1. How many nm separate the modelled label positions at Phe349 and Arg136, each set 7 Å beyond the Cα in the direction of the Cβ?
2. So what's the net charge close to His404: Lys and Arg +1, Asp and Glu -1, counting the other residues with Cβ under 10 Å from its Cβ?
3. Taking 2.2 N^0.38 Å as the expected size of a compact globular protein, what ratio does the Cα radius of gyration of the stretch 347-443 give against it, to two decimals?
4. Would you please classify the overall shape of the stretch 303-405 from the alpha carbon gyration tensor, given that a ≥ b ≥ c denote the square roots of the eigenvalues, rounded means a/c under 1.5, and beyond that prolate means a/b larger than b/c while oblate covers the rest?
5. Please enumerate, by chain and number, the aspartates and glutamates with C-alpha under 16 Å from the C-alpha of Lys425, excluding those fewer than 8 residues away in the same chain.
6. Any chance you could list the semi-axes, whole Å, largest first, of the equivalent ellipsoid that the Cα gyration tensor gives for the stretch 70-120, using √(5λ)?
7. Which of the pairs Lys143/Lys334; Lys334/Lys355; Lys52/Lys211 have their Cα atoms more than 30 Å apart in this structure?
Amino acid sequence: MRMSRQLLSFEQALRWTADFAARQARTLAFDRPVPYLAKVALLAAVYFSAAKLALLAAIPPGYATAVWPPSGIALASVLLLGSRIWPGIWLGASLVNVTVQSSLVAATLMGAGNTLEALVGAALVRALIGLPGPFRRGEHVVKFVAIAAASATIAATVAAAPLAFVHSLESPELLWNWWTWWQGDTVGIIIVTPLILGWAARANPAWTPRKIAEGFLLVCLLSGVMYAVFGAGMTPYIPSVPLTFAILPFVIWAAFRFQQREVATVNALVCAMAVGFTLDGSGPFAQGSLNESLLLLLAFMCTVVTTGLVLNAVIRDHGRAVEATQRLLQELRKQTIRDSLTSLYNRRFLQDYLKRELIRARRERAPLALIMMDLDRFKHINDSAGHQAGDQVLVQVGALLKRHVRGSDIACRYGGEEFAVVLPKTTLESARRRSAEICSAIRR
């Protein structure tokens, strides 16, 4: 009974995957074929070029690599350009696999696996996170890493059958290649996709000369530390394994001081240098075979990338929370000193303001005038036309006072139908003229 349920669940999962792929394929439209085909061709070329570079680190006999950036390019392309761009992924992946595999059928099947991986990953990202765009919360980064790990199983699983058939791999070797394929795709997504999404975002602030200088200093110092940790000439003199922790402060520096695109760039720089040195046989992870060295390196890269992205997202989320709190405090302060009906200053603010102005007037020996006003027959308006009409009268008087005060003056609603205007550095004669002007405007 348990086995039948598991088989049923597996069949349902396969059916859902097939239906999803069919829906994605139906979204393909050719309303503007030339720009669309150009995008597909460009994506295929970029995917192919990145894949050929990644295959330089392939594990013999050359059909699996522990670092696979094209998976990140594919996912970012679907997120930015839409699911209809999938032929570019399939074409680029198939062409790459043709250069490695002797079977055209196996190459196209692997290309389909890479394509389905990007489509499913993009669907999960949109459903659970809402990208494209910078990560807004630390939990979004954790979800993204989980999605990367889950979607990477698709390409590795689809590729397992062609690999076993073409290369006659035994079960242990096939399992090891599946593990290597999965890790390579996972790390490629975690490193490359945030890098592309970060630089594709339009809301990034412009760099100031000071920020450029800080970024240049960060890159220089980080490169020096990376050389000290991974360089072949430094290994006999420096205990490089404990010194790998010295790289994290630079990632934290980037997370605190820069946006996600810069953090992702720092992550990519660290990972590229670490992979390059390790492939060259130097550094703390150059132990045993090339396969073991790269797989040990994956743990380091995942730690660096996840730390930087999570910390940056948490800091930005905290910054947005602080800004929202400040806006709320400003609004609350405004409500405590403003009259809600007329938007003039209220009685509390008038009392505090008068105390400060009286002290300054005595200190500077400057005149200070205060105009008090009371609307005539206002009670009659409320009784005859209703309180709503009375409120409209108060609003109109408040708007009139705003137009008749200088920048240094303030107008207040003292209470009910009473208003006040404070005139700093104003003589008695000037205050009388201003009072007459206001009364004349109200009568009109």
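1. 3.2
2. Computed value for this residue: +2.
3. It is 1.18.
4. Oblate shape, in that a/c is at least 1.5 and b/c is the bigger or equal ratio.
5. Glu357, Glu364, Asp409
6. That gives 20, 9, 8 Å for the three semi-axes.
7. Details: Lys143/Lys334 40 Å; Lys334/Lys355 19 Å; Lys52/Lys211 35 Å.
In this structure, Lys143/Lys334; Lys52/Lys211 lie more than 30 Å apart at Cα.
Every number here is computed from the coordinates shown, using simple stated rules; none is lab data. This is a predicted model, so every value here is computed, not measured. Cβ atoms come from the backbone with ideal geometry, glycine included; neighbour counts cover every protein chain shown.
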